[in-house]
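The values are calculated or read from the model by the stated rules, or taken from the named source; none is laboratory data. What you see is a predicted model; the values in this text were computed from it and never measured. Backbone-built Cβ (ideal geometry, glycine too); neighbour counts: all protein chains shown.
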Amino acid sequence: MTERQPIGIFDSGFGGLTVARAIIDLLPNEDIVYFGDTGRYPYGPRALDEVRGFAHQITRMLVADHNVKAVVVACNTAAAAALGELEQVADVPVMGVIKPGAEALVEVTKSGRVGVIGTVGTVASGAYQETIARLAGGDVELTCAACPGFVEFVERGEFSGDQVAVLAERLLAPIVEAKVDSLLLGCTHYPYLARTIGNVLGDDVVLVSSADETAFALATALGSLGLVSATGSVAPERRFLSSGDVSWFADLGRRLLGPELSQAESHRWAD
C-alpha cells in the first residue's frame, strides 16, 4: 500500500457522509471513495446475516475495484454485523464507528448514566452494550433505545417538523426516563436530527457523535502505518458512488456534505 491510495467509506445511504465530512476536514489531502448503498437501504430492519453479506461485498468491491488503502464502515448496523470478520479477512485496515463513539461516550459522562440510540439491528446486536461494558465495566448505567423511522426521515431530507418531533418524543421516552447525562447517536444518520433530539432531551444532555472520533482514530491508524497522504500538487479526488437513484443521491448528498459532492456515480451489482 502507498499513501496515495484512496480511503474507502461506506454506509447504507447518506448517514456515513457525517464520517466522510469529518475525514475530509481532518485529512484534507486524502482521496476518498464513498459508497452509499441506497439501492438496499435501510439496513436497520434487515437481518444481521444479510447486512453482513452486504458489508463483505462492498468491502471487496472497494479493495478490488478502487484500490483503497483502508475501509471505514461508516454504518453502525454494518459494523455491528461484520466488523470483526472484515478486520480478519480484508487485505487493508478496516475501521468501524462503534468503538470510537463508545469511548467518547464513556469519557464525557459525569453521572455514569448514559444512553445509546440506534437502528433496530444495531441495538439488537448488543455491539454497543458489549463495547461499553468492556470499556467502563460497572461504572456506567446504560440505556439503549431503537429508533425505527429516523433513518427514513433523514433520507427524505426531513430533519425537523411536527412528524419527526412526535416520533422523537415517543422513541426517546426511555432515554428521558433514565435521566442520562450523555447520549451517543449510534447511527451515522442521527446527527442530522440532533436539534430535534436535543429539544426532546434538553440542554443538560450531551449528544455524542462518533464521526469526529472515527476520523481521529483513522488518522492515528494511517499514521502508524506511514499511509497519511502529504500535501501534493494534485488536488485530492473525492468520488461518490450510489447503488440507487444517482440524481437523488447527488442532490441530497450535496446538501448534507457540501460542495465536495458535486456529482455521483452509479454502481450496479452484477447478477
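If you scan segment 31-44, which residues turn out to be part of a loop (DSSP other than H, G, I, E, B) and touching a helix residue (DSSP H, G or I) at 6+ places or on another chain (Cβ under 7 Å)?
If the condition is that a residue be part of a loop (DSSP other than H, G, I, E, B) and touching a helix residue (DSSP H, G or I) at 6+ places or on another chain (Cβ under 7 Å), then Asp37, Thr38, Arg40, Tyr41, Pro42, Tyr43, Gly44 are the ones that fit.
Could you say which residue among Ala250, Ala211, Ala219 is surrounded by fewer than 19 Cβ atoms within 10 Å (Cβ to Cβ), under 17 Å from the mean Cα position of the chain (by Cα) and assigned to a helix (DSSP H, G or I)?
Ala219
Could you list all residues from segment 152-182 that are assigned to a helix (DSSP H, G or I) and in contact with a helix residue (DSSP H, G or I) (Cβ under 8 Å, 6 or more places away or on another chain)?
Residues satisfying the conditions are Phe153, Val154, Glu155, Gln163, Val164, Ala165, Leu167, Ala168, Glu169, Leu171, Ile175, Val176.
Residue-wise test of (1) more than 13 Å from the chain's Cα centre (by Cα); (2) under 23 Å from Thr231 (Cβ atoms).
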position: Ala20; (1), (2): no, yes
position: Asp31; (1), (2): yes, yes
position: Tyr41; (1), (2): yes, no
position: Asp49; (1), (2): yes, no
position: Thr59; (1), (2): yes, no
position: Ser111; (1), (2): yes, no
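Please go through segment 87-116 and pick out each residue that is part of a loop (DSSP other than H, G, I, E, B), small (Gly, Ala, Ser) and surrounded by 15 or more Cβ atoms within 10 Å (Cβ to Cβ).
Correct list: Ala90, Gly112.
Given the structure, is Val92 within 19 Å of Thr220 (Cα to Cα) and at pLDDT 95 or above?
yes
Return the residue satisfying two criteria in turn: it lies in segment 2-36 and is touching a Leu at 6+ places or on another chain (Cβ under 9 Å) and acidic (Asp, Glu), and of such residues it is farthest from Gly118 (Cα to Cα).
Among residues in segment 2-36 that are touching a Leu at 6+ places or on another chain (Cβ under 9 Å) and acidic (Asp, Glu), the one farthest from Gly118 (Cα to Cα) is Glu3.
Does Glu130 satisfy the condition of being free of Cβ contacts under 8 Å to residues at least 60 places away in the same chain, farther than 30 Å from Arg4 by Cβ and not in a helix (DSSP H, G or I)?
Judged against the criteria, Glu130 is not a match.
Of the conditions (1) outside the structural domain of Asp251 (by TED's automatic domain parsing); (2) within 16 Å of Gly16 (Cβ to Cβ), Ala173 satisfies every one except a single condition; which number is it?
It is condition (2) that Ala173 fails.
Kindly provide the set of residues from segment 4-29 that are part of a helix (DSSP H, G or I) and either among the hydrophobic types (A, V, I, L, M, F, W, C) or in contact with a strand residue (DSSP E or B) (Cβ under 9 Å, 6 or more places away or on another chain) (or both), ordered by number.
Leu17, Thr18, Val19, Ala20, Ala22, Ile23, Ile24, Leu26
Could you tell me how many of the residues in segment 62-82 are in contact (Cβ under 8 Å) with a residue 40 or more places away in the chain and not in a strand (DSSP E or B)?
So the count comes out to 14.
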